[in-house]
1. Given the criteria surrounded by 15 or more Cβ atoms within 10 Å (Cβ to Cβ) and free of Cβ contacts under 8 Å to residues at least 24 places away in the same chain, does residue 101 qualify?
2. Check whether at least one residue in segment 143-158 is in contact with a strand residue (DSSP E or B) (Cβ under 8 Å, 6 or more places away or on another chain) and small (Gly, Ala, Ser), and report yes or no.
3. Within 18 Å of residue 146 (Cα to Cα) and among the acidic types (Asp, Glu) - does that describe any residue in segment 32-45?
4. Which residue pairs have Cβ atoms closer than 6 Å, lie 6 or more positions apart in sequence or on different chains, and pair a first residue in segment 49-72 that is touching a residue at least 12 places away in the same chain (Cβ under 8 Å) with a second residue that is in a loop (DSSP other than H, G, I, E, B) and of a type in the set (A, V, I, L, M)?
5. If a residue must be out of contact with any helix residue (DSSP H, G or I) (no Cβ under 9 Å at 6 or more places or on another chain), aliphatic (A, V, I, L, M) and in contact (Cβ under 8 Å) with a residue 12 or more places away in the chain, how many such residues does segment 138-156 contain?
6. Scanning for something touching a Leu at 6+ places or on another chain (Cβ under 6 Å), farther than 19 Å from residue 41 by Cβ and in a strand (DSSP E or B), does segment 122-135 turn up at least one residue?
7. Mind counting the residues in segment 122-140 that are out of contact with any Lys or Arg (no Cβ under 8 Å at 6 or more places or on another chain) and either of a type in the set (Phe, Trp, Tyr) or at pLDDT below 95 (or both)?
8. Could you look through segment 22-48, keep only residues that are aliphatic (A, V, I, L, M) and outside any loop (DSSP other than H, G, I, E, B), and pick out the one that is surrounded by the fewest Cβ atoms within 10 Å (Cβ to Cβ)?
Amino acid sequence: MKVLIRILFVSFLSFSSMTFIFGQEVKKLSKDQSVGEGSLDQISWLEGYWKGNGFGGTCDEIWTPAMDNSMSGIFRYSQNDTLQFKEYMVIEEIDSSLILKLKHFNRDLSPWEEKDEWTTFKLVEIEGQTAYFNGLTYHKKKNQLIIKLILHHDGEEHIETFTFKKMKM
């Protein structure tokens, strides 16, 4: 009986730890929560060319070094060697915090967002080589970049994972 209780307890602890770890893949700001503090220097590890997969296709992401309180990036998604869409991104350092803004474009450069609208992700916090934005996480582990994004479809929420490897330009 003691052995069974120990096994159940260890299984519960393992499950609880997994739930906590998986639950922290992507963080969200609550309505009354202030944005997190952070600087572009803290995410300089994001710079470079990254190639990988997500959405069932091939993805590229490039981030330039910071200049004038911002970093610029490009994301490209293709499936079966056909470009599907791209994003132009900027991470700005404003008032001791960061905000990631992006615009989506079809392959013909027609925009998804209106001219003066951006899809935005405010900073929640930075922990080492993990940057948590509201609904979006960037995590660097050695030469690998893992991006987790909360998506909504038909009232349901799920996390899409993108896995990249650092490439030479």
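The values are calculated or read from the model by the stated rules, or taken from the named source; none is laboratory data. Predicted model, so just to flag it, every value in this text is computed and none were measured. All Cβ positions, glycine included, derive from the backbone under ideal geometry; neighbour counts span all protein chains shown.
1. Yes, satisfied.
2. No, there is no match, as no residue in segment 143-158 is in contact with a strand residue (DSSP E or B) (Cβ under 8 Å, 6 or more places away or on another chain) and small (Gly, Ala, Ser).
3. no
4. Taking only residues 6 or more apart or on different chains, the pairs are 49/169.
5. So the answer is 4.
6. Checked against the condition, which is being touching a Leu at 6+ places or on another chain (Cβ under 6 Å), farther than 19 Å from residue 41 by Cβ and in a strand (DSSP E or B), segment 122-135 yields no hits at all.
7. Of the residues in that region, 1 qualify.
8. 40
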